[in-house]
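Have a look at the structure below, then the notes.
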Amino acid sequence: MGSTTDKAISLQINLSPTDYPLCKQLLRKQISYFYEDVEEIILTVETKKSKGKKFGENFKANCHKLAQLLAELVLTYPKIRIAPVDYSPEIKKAVSKRFFKNTDAIPDKDYRGGPFYSYFFGLYSCKSRYVIHMDSDMFIGGKATQWIHGALKHLQQQSVMFVNPLPGPPNSNFHLKQPYHSRQNRYTYYFKTVTTRFYLTDLDRLTSEQLSIRLINPSLRRIAKGIMQRNFWELPEKLFSDLLKKKGYYRVCYWGENDQNGCFTLHPLIKPESFITNIPKFFELIDKNDFPESQRGWYNIHKDTLRLL
């Protein structure tokens, strides 16, 4: 079955063996949420271990487990295409040429040791012009189809380069508890910054802009992390944000067309075993839209929400 929209869309999800325990609980839900609305699902699997515990813990130990999980999912969801991150010089050069104007050698990781090249390789692997990118730890609530139709309309505006669901479940007036550039209406906000956790973009437009890779703005903390990694390259989301500011573009955060039918995301700042074990209970909170007021309008999972698990 094809997309329920009139435009072909790829869903692209970044995965790492480090995140296998979370993927085991969450990935199937992420796939099924958008499955009927996309042409293909690209699961981009990190193949190069990062330094340090945050991005590299249990990488080798979980490689086979993640591969086994993905093999099972492919049998259930035939739109899935597994894309192991290819670090060969030929492919890295091709990815660099497509996205960047000032380098033909994309760094493997950012200054923290987090993913860098894998983000662009994931987009490079997509066949569709329109791409929904999502990190492996993102939770989604609401209605996918209605959101996609509205989000694509926003993306047709020349000034809009990225569209996100509403950050956090909505409160009664759909107000956000974070700074934003402007509010267009009850359901739509404009930002001059980008998050790589989740977005919809027009890949043709994005690649035509040609990003500029750059080093970090120095601070003691960033320099210390960069020295540990022997790497001082800035995060991909910072490069995207630089593009918006330079060209006068925006990222839109959009709920939907009415109070009932919309879409939101939530992100766990920390993912201890106790949280991963209780993910099924968290799905129940999402399905019932049963959140404390402190969570509404806020993009990271709040400590008050965690107490309900």
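On average, how much accessible surface per residue is there in segment 90-130, in Å², for a 1.4 Å probe, leaving out ligands, DNA and RNA? Each step should come with its number before you reach the end.
Numbers: 1650 Å² over 41 residues.
Solvent-accessible surface per residue comes out at 40 Å².
If the reach is capped at under 20 angstrom between alpha carbons, list the aspartates and glutamates near Lys24, excluding any in the same chain fewer than eight residues apart.
Hits, sequence-local ones excluded: Glu46, Glu57, Glu72, Asp135, Asp137, Glu273, Glu284, Asp287.
Of all accessible surface on the chain at a 1.4 Å probe, what whole percent is carbon and sulfur?
53 percent
Out of all DSSP beta bridges in the chain, what portion is antiparallel? Express it as a percent rounded to 5. Please list the in-between numbers first.
Details: 21 of 47 bridges.
Once the DSSP bridges in the chain are tallied, antiparallel ones form about 45 percent.
When the Cα centres of segment 56-123 and segment 182-251 are compared, how far apart do they sit, in Å?
The two parts, judged by their Cα centres, are 19 Å apart.
So how do His64, His154 rank on accessible area, 1.4 Å probe, biggest first, that is with the largest at the start? Mind dumping the intermediate values first?
Numbers: His64 135, His154 20 Å².
Listed by decreasing accessible area, they come as His64, His154.
What shape does segment 78-185 have by the C-alpha gyration tensor, where a ≥ b ≥ c are the square roots of the eigenvalues, rounded means a/c under 1.5, and otherwise prolate means a/b greater than b/c and oblate the rest?
Since a/c reaches 1.5 and a/b is larger than b/c, the shape of segment 78-185 is classed as prolate.
Trypsin sites (Lys or Arg not before Pro) within segment 215-309: which are DSSP loop residues with at most 15 other Cβ atoms inside 10 Å?
Working: sites: Arg221, Arg222, Lys225, Arg230, Lys238, Lys245, Lys246, Lys247, Arg251, Lys281, Lys288, Arg296, Lys303, Arg307; in loops: Arg230, Arg296, Arg307.
Here the trypsin sites (Lys or Arg not before Pro) that fit, given the DSSP loop and packing criteria, are Arg230, Arg307.
Classify the chain as rounded, prolate or oblate, taking a ≥ b ≥ c as the square roots of the eigenvalues of its Cα gyration tensor: rounded when a/c is under 1.5, otherwise prolate if a/b is larger than b/c and oblate if not.
The shape class here is rounded.
Placing unit charges on C-beta atoms (Lys and Arg positive, Asp and Glu negative, everything else neutral), compute the dipole magnitude of segment 221-274 about its Cα centre in debye, rounded to 20.
540 debye
If you count, for each residue, the other Cβ atoms within 10 Å and average over each peptide, how do 182-194, 267-279 line up from highest to lowest? Spell out each step's value before the answer.
On the way: 182-194: 16.2, 267-279: 13.5.
Going from most to least packed, we get 182-194, 267-279.
Would you mind working out the accessible area per residue for segment 182-309, using a 1.4 Å probe, and quoting it in Å²? Please list the in-between numbers first.
Numbers: 6410 Å² over 128 residues.
Counting only protein heavy atoms, the per-residue value for segment 182-309 is 50 Å².
Please count, across segment 77-156, the pairs of lysine residues with Cα atoms under 19 Å apart that sit 8 or more places apart or on different chains.
Taking segment 77-156 as the scope, the lysine pair count is 11.
Taking the Cβ of Asp204 as the center, what net charge do the other residues with Cβ under 14 Å away carry, scoring Lys and Arg +1 and Asp and Glu -1?
Taking every Cβ under 14 Å from that of Asp204, the sum is +3.
Take the alpha carbon gyration tensor of segment 1-106, find the square roots of its eigenvalues, order them as a ≥ b ≥ c, and report rounded if a/c is under 1.5; if not, report prolate when a/b exceeds b/c, else oblate.
oblate
I want to check a number: in segment 203-301, how many lysine pairs have alpha carbons closer than 17 Å, given a sequence separation of 8 or more or different chains? Walk me through the numbers before you get to the answer.
Numbers: Lys225/Lys238; Lys238/Lys246; Lys238/Lys247; Lys271/Lys281.
Lysine pairs meeting the criterion: 4.
The values are calculated or read from the model by the stated rules, or taken from the named source; none is laboratory data. Computed from a predicted structure; not experimentally measured. Please note: Cβ atoms are built from the backbone with ideal geometry, for glycine as well, and neighbour counts cover all protein chains shown. Protein only, heavy atoms only, side chains kept; ligands, DNA and RNA dropped before computing areas. Shrake-Rupley method; radii C 1.70, N 1.55, O 1.52, S 1.80 Å.
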